[in-house]
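Take a look at the structure set out below.
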Amino acid sequence: MLSPDADSPPLFPAPVRVVDVLLPLALGAAYSYRVPDGMEVAPGDIVVVPLGTRNMLGCVWPRPEKATPVDPAKLKPIQRRCEVAPLNARMIAFIQWIADYTVTPPGMVLRLALRHDESAGVARERVGVRLTDHRPARRTTAREKVVAALADGLVRAKSEAAKEAGVSPSVVDGLIDDGVLETVVLPPEPAAETPDPDHAAPDLLPAQAEAAARLVDSVKSGSFQPFLIDGVTGSGKTETYFEAVAQAIRQGRQTLILMPEIALTQAFLDRFARRFGVRPAEWHSAVSTKRRGRVFRGVASGEVAVVAGARSALFLPFRDLGLILVDEEHDAAYKQEDGVHYHARDMAVVRARLEGATIALVSATPSIETEVNARRGRYTRLALPERFAGTKVPRLEPIDLRREGPPRGQWIAPRLAREMQSTIEAGGQALLFLNRRGYAPLTLCRACGHRIKCPSCSSWLVEHRFRRRLECHQCGYAMPVPHECPNCHEPNALIPCGPGVERLHEEAAKLFPEARLQVLSSDLAGGVERLRAELKAIEDGEVDIIIGTQLVAKGHNFPGLAMVGVIDADVGLGHGDPRAAERTFQLLHQVAGRAGRHEVEGRAFLQTYMPEHPVMQALVAGDRDAFYDREIAIREEAHLPPFARFCALIISGTDPHAAQAHARALAACSPFTDKVRVLGPAEAPLALIRGRHRYRLLARGERSFDLSAYVRAWMAGAPRATGSLRVDIDIDPQSFV
DNA sequence: AGCACGCCGACT
DNA sequence: GTCGGCGTGCTC
């Protein structure tokens, strides 16, 4: 074969080939690049392209129909194509969909899928070593140790061999050079072992078996179907959906189990292992970069069958995703509120639709959105009404703090104390739930009435007596506890107001001097290790009274827990947050549900100043439907999600005219101008103002509100210098299905 | 997101 | 005279 002469120009010069490359930047659109001769690229390929002075990783992107061609003089060539798995068409569609829906530049969404350095990395070849017949010419003690360690003639990874011999890896390298050891290429370490769908098939209750069968059928059908697994605490929701996982494995399709990060516990992984023989691949912030790289590539190759992961796992490049489970679907941690604003639960539904996958949202207390979708038949409800162990859902009893509250300066009502006493005497454990870390949430000056606030965000500083500091729970600011009032300088006038878990511990210790107490909060001294140890101690019955924050509501099991006392059931109610009732209901339901899981009849007590509040009434009556009926009616009336396309536009930036520009734009494009109000930070509901946003517009528009028209109007009228536009993601889940 | 460019204050 | 603060704007 004659090779073409490189010096002479071709007779017919090939036309310049141009493709779009999406870069992981906030750029509005993909940029065009020239494809060098001899390079083949297709949409989804990961490439390196020059941008300004640097080189960047990007993804070849489908060219829009009406793309404005870029000046050919500007075109730079693609540098190289990366030898990594390209994004498939479904993944591209997913990224584009999220970008459109959340009004975010597509590059920012791509970043979520490419961000992991591991996506570009290629698995490094693992080198193993084995002893040969040669013996070292130069003998040293270190070398002797290596020879002795490898005397069995088996292959070991290089680092492994050095570690076993107790020498540095360079000794091993030296022996390789001398021919004493030979190198062997090891097969790449598997990202995860393959779960066995038939490892330990469970016994299911009739309701579980029926629900499992529905899910299995759906996985078999290989088409998009959304479900809600709606089961009371302890009804075996996990075991039920594990059967769908087994089916997906049998069919060779992949499964994603999404969970809030804190719910992804050892206990869950162990349960999975008991059913499938091995643990699933994990994906969350605590997984090492190296391990993430393996999982990432394993997911792309299809080798990893099941991933259990936090929010960000939603953007993994699955080769063939057949099943998604969203555990604790009501959890607020699924909502991402910086960078790309998205709700992982809703985007999971979108991804399932694009992948042709079965999806099940799982909760004992579904979010309002999901409940509405189930009631309207968009999601198929699979109800698990009974507890697996045959025990009843704990009875909830209100304690009216107006009539039978504790004396001033104390927080455990006499009745609650009596119940705790008899619980402990009967050998059971009691949990006091108070969602406030530290000793006291407010420090007040008796002399001048000054309240100590955070200098940077003006919320109250929380006293942490153990650490002898005042801390801001919003921004992390901390200072030593002052000896005099910072305002009037009166010494010894500062008094702590209200309870935190530390103070509650103090009170409980006084009331029950014999009892063994343990505080559980996220700032427990000693970190994760200590927490794990304390949980073990509790499980082994070495603790009588647990005093815990939100931490105790999720994930961990307390087999000996007989009763729960909620110190302040009203926390969270009464602010302007439209989700206050929902959150309180979910949290209290969940905490109360911790009691009496195994053979012990559980009881729960709610200390409240408003026992007549609908949330308390619904909890005490055990009437979930009443709660949902009311919440749905309120939202429908107020045009809040899920009955409005969105409820808030957030403007980041500092331009004082920006709010007016938004107001004009809203008025220009909303058919419901009378329902559109512009609220300043002081007026907007407290919970909607968090952090750095200077202005927030609440557009209580109808679902027909045309967002793109709004954006156009805003762009036209926006002052030149301004921040960016973001859309809050509490939106209409109808459009996902 | 970076990185350059640019236009004003305190240094060798 | 220059070094360097970060405000603005561009990158195919």
Item checked: Hits in segment A:387-438 - residues which are surrounded by fewer than 19 Cβ atoms within 10 Å (Cβ to Cβ) and within 30 Å of A:Ala211 (Cβ to Cβ) -> A:Ala389, A:Gly390, A:Thr391, A:Lys392, A:Arg395
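Every residue, every condition in (1) of a type in the set (Phe, Trp, Tyr); (2) surrounded by fewer than 19 Cβ atoms within 10 Å (Cβ to Cβ); (3) within 29 Å of the chain's Cα centre (by Cα), yes or no:
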| site | (1), (2), (3) |
| --- | --- |
| A:Ala161 | no, no, no |
| A:Pro169 | no, yes, no |
| A:Val172 | no, no, no |
| A:Leu186 | no, yes, no |
| A:Pro197 | no, no, yes |
| A:Ala201 | no, yes, no |
| A:Asp217 | no, yes, yes |
| A:Arg250 | no, yes, yes |
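Which one of these is at pLDDT below 80, over 27 Å from A:Arg291 (Cα atoms) and surrounded by 12 or more Cβ atoms within 10 Å (Cβ to Cβ): A:Arg126, A:Arg135?
Only one candidate passes the filter, namely A:Arg135.
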Margin query: With the requirement that a residue be over 16 Å from A:Ala30 (Cβ atoms), more than 12 Å from DNA strand C (Cβ to nearest atom) and out of contact with any Asp or Glu (no Cβ under 8 Å at 6 or more places or on another chain), what does segment A:60-81 give you?
Written below: A:Arg80
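Table: residues versus (1) at pLDDT 90 or above; (2) aliphatic (A, V, I, L, M).
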{"residue": "A:Pro496", "(1), (2)": "yes, no"}
{"residue": "A:Lys510", "(1), (2)": "yes, no"}
{"residue": "A:Ala515", "(1), (2)": "yes, yes"}
{"residue": "A:Asp523", "(1), (2)": "no, no"}
{"residue": "A:Leu531", "(1), (2)": "no, yes"}
{"residue": "A:Leu535", "(1), (2)": "no, yes"}
{"residue": "A:Thr549", "(1), (2)": "yes, no"}
Check: A:Ala26 fails exactly one of the following numbered conditions: (1) within 16 Å of DNA strand B (Cβ to nearest atom); (2) closer than 30 Å to A:Gln336 by Cβ; (3) without any contact (Cβ under 8 Å) to a residue 60 or more places away in the chain. What is the number of that condition?
Finding: (3)
Next item on the list: Take segment A:324-342 and flag every residue that is more than 26 Å from A:Ala26 (Cβ to Cβ) and touching a Pro at 6+ places or on another chain (Cβ under 7 Å).
Entry: A:Glu328, A:Glu329, A:His330, A:Asp331
Note to self: For the structure I just gave you, tell me whether A:Gly500 is more than 23 Å from A:Gly560 (Cα to Cα) and either touching a helix residue (DSSP H, G or I) at 6+ places or on another chain (Cβ under 9 Å) or modelled with pLDDT of 90 or more (or both).
What the structure shows: yes
Notebook entry, point to check: Are there any pairs, at least 6 apart or on different chains, whose C-beta atoms fall under 9 Å, with the first in segment A:68-86 and over 30 Å from A:Ser301 (Cβ atoms) and touching a residue at least 24 places away in the same chain (Cβ under 8 Å) and the second assigned to a loop (DSSP other than H, G, I, E, B) and more than 9 Å from DNA strand C (Cβ to nearest atom), and if so, which?
Noted result: A:Pro72/A:Val16; A:Leu75/A:Val16
Note to self: Take the conditions assigned to a helix (DSSP H, G or I) and under 28 Å from A:Asp327 (Cα atoms) and apply them to A:Leu535. Does it pass?
What the structure shows: yes
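Looking at A:Thr238, A:Thr233, which is the one that is surrounded by 14 or more Cβ atoms within 10 Å (Cβ to Cβ), outside any loop (DSSP other than H, G, I, E, B) and among the β-branched types (Val, Ile, Thr)?
From the options A:Thr238, A:Thr233, the qualifying one is A:Thr238.
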Next item on the list: Considering (1) without any contact (Cβ under 8 Å) to a residue 24 or more places away in the chain; (2) in contact with a His (Cβ under 9 Å, 6 or more places away or on another chain), say which one A:Ser288 fails and leave the rest.
Entry: (2)
Item checked: Flag for A:Ile92 being under 22 Å from A:Glu40 (Cβ atoms), within 16 Å of DNA strand C (Cβ to nearest atom) and surrounded by 15 or more Cβ atoms within 10 Å (Cβ to Cβ) -> no
Item checked: A:Pro72 vs. criteria farther than 20 Å from A:Ile92 by Cβ, more than 14 Å from DNA strand B (Cβ to nearest atom) and not charged (D, E, K, R) -> yes
Note to self: Tell me the residue from A:Val35, A:Val21 that is within 15 Å of A:Arg111 (Cα to Cα), modelled with pLDDT of 90 or more and within 16 Å of DNA strand C (Cβ to nearest atom), please.
What the structure shows: A:Val21
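The values are calculated or read from the model by the stated rules, or taken from the named source; none is laboratory data. Quick caveat: nothing in here was measured; it's all calculated off a predicted structure. Quick reminder, even Gly has a Cβ in these numbers, built from the backbone with ideal geometry, and neighbours come from all protein chains shown.
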